[in-house]
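Input: a single structure, listed below in structure tokens.
Where a number appears in this text, it was derived from the coordinates with a stated rule and is not lab data. These numbers come from a predicted model, not from an experiment. So basically every Cβ, Gly included, is an ideal-geometry build from the backbone, and we count neighbours across all protein chains shown.
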Amino acid sequence: MKIALIGYGKMGRMIEQIARGRGHEIVSIIDVDNQQDFDSPEFASADVAIEFTAPHVAYGNYLKAFARGVKVVSGSTGWMKDHGDDVRRMCTEEGHTLFWASNFSVGVAIFSAVNRYLARIMNGFTQYDVEMEEVHHVHKLDHPSGTAITLAEQITDAIDRKQKWTLGRLTQPDGTTTVEHTPQADEIGISSVRRGEVPGIHTVRYDSDADSITITHDAHSRRGFALGAVLAAEYTATHSGLLTIDDMFKF
Ligand SMILES: NC(=O)C1=CN([C@@H]2O[C@H](COP(=O)(O)OP(=O)(O)OC[C@H]3O[C@@H](n4cnc5c(N)ncnc54)[C@H](OP(=O)(O)O)[C@@H]3O)[C@@H](O)[C@H]2O)C=CC1
Ligand SMILES: O=C(O)C1=N[C@H](C(=O)O)C[C@H](O)C1
């Protein structure tokens, strides 16, 4: 399969390695300094473009790929609030294809299934409150993480007493913590911590007077995310529309 890469940072480079290892051809690599390559025949020849860039540029990259008739797999986070509706419309009504996931790792797909199941149980046990924490490396631009938002939305979908998530505490790389918002009874507080080179840790904790129940996913490296993105590209080559991880991994 012919793959174009948009974004050649930590994820782009690891995806290149894994994609080549699985026998794919990388036909184009677009980063900040060669944006003109979006107009190259090599980019247009790609079966799928894999996009891992940054919150403020991801949407523009989708538009550029769509304009050239190239399907996109993207893991960029932090753009959904501003452009989610627009992207949904382009993929459901205008024939474009985007496979987007806040987290591409198989482990987080399994963790999400457990999170949904646990939340359904907890809907009937009102003595438990729930809070979340995500820990990532100091280079991360957005907070809370896309994965934390997805997990929180799964919980608000299942627990009647929780309506929305909110950023509770934010811990900066130097260790200073600020309380951004004190969660109300109907809110899930998410604490974001930026520390060292942590690839990504997500924790959901239910607490009652009697006890607490905690589930955690701890990524050992970015390899799981990168492999998942390549698997998603293989899936996207033969599927269309707005796709996500639940389409690919069925539990
Ligand atoms: N869904 C998932 O499973 C995962 C998602 N992510 C998300 O993916 C994104 C990228 O992560 P990561 O690779 O670690 O970040 P990096 O900062 O290491 O890489 C991003 C790359 O994109 C480049 N870039 C910036 N703007 C553009 C543009 N307009 N066009 C093309 N390239 C551009 C950057 O260049 P420069 O450095 O010069 O600005 C950099 O090389 C983040 O949003 C992160 O949250 C990360 C891991 C897993
Ligand atoms: O920026 C990262 O590194 C990651 N971002 C994603 C997110 O925002 O959830 C996925 C993963 O946790 C790594």
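Annotations
- Annotation: extensible slack from ASP186 through ASN34 equals 50.0 nm (criterion: 0.36 nm per residue apart, minus Cα-Cα distance).
- A simple spin-label model places the labels of PHE125 and LEU141 4.0 nm from each other, with each point 7 Å out along Cα-to-Cβ.
- Efficiency of FRET from Cβ geometry, HIS220 and ARG20, R₀ 22 Å, rounded to 0.05: 0.50
- The stretch between THR177 and LYS164 holds 2.4 nm of extra length on full extension. This uses 0.36 nm per residue minus the Cα-Cα distance.
- Considering only PHE225, GLY84, ILE188, and ranking their Cα positions along the charge dipole of the chain that arises from unit charges at the beta-carbon of Lys, Arg, Asp and Glu, the one farthest toward the positive end is PHE225.
- Of the residues THR171, THR182, the one with the fewest other Cβ atoms within 10 Å heads the list, and the complete ranking is THR182, THR171.
- Sorted by Cβ density within 10 Å, fewest first, the residues GLU133, GLU94: GLU94, GLU133
- A protection proxy built from the mean count of other Cβ atoms within 10 Å ranks the segments 39-52, 223-236, 116-129, most packed first, as 223-236, 39-52, 116-129.
- Length-normalised contact order for the chain - Cα pairs under 8 Å, 6+ apart - percent: 22 percent
- Kyte-Doolittle at least 0.5, axis length at least 18 Å by Cα - qualifying DSSP helices, the chain: 106-122, 223-236
- Among PRO144, THR97, THR203 - extreme Cα towards positive end, dipole of the chain, charges at beta-carbon: THR97
- In a reduced charge model with +1 at each Lys and Arg Cβ and -1 at each Asp and Glu Cβ, the stretch 106-218 shows a dipole moment near 200 debye about its Cα centre.
- When +1 charges are put on Lys and Arg Cβ atoms and -1 charges on Asp and Glu Cβ atoms, the dipole computed for the chain relative to its Cα centre reaches about 480 debye.
- Proxy reagent accessibility, fewest Cβ within 10 Å first, across HIS137, HIS202, HIS220: HIS220, HIS137, HIS202
- Each of THR244 and ALA210 was given a label point 7 Å from its Cα along the Cα-to-Cβ line. The distance between the two points is 3.4 nm.
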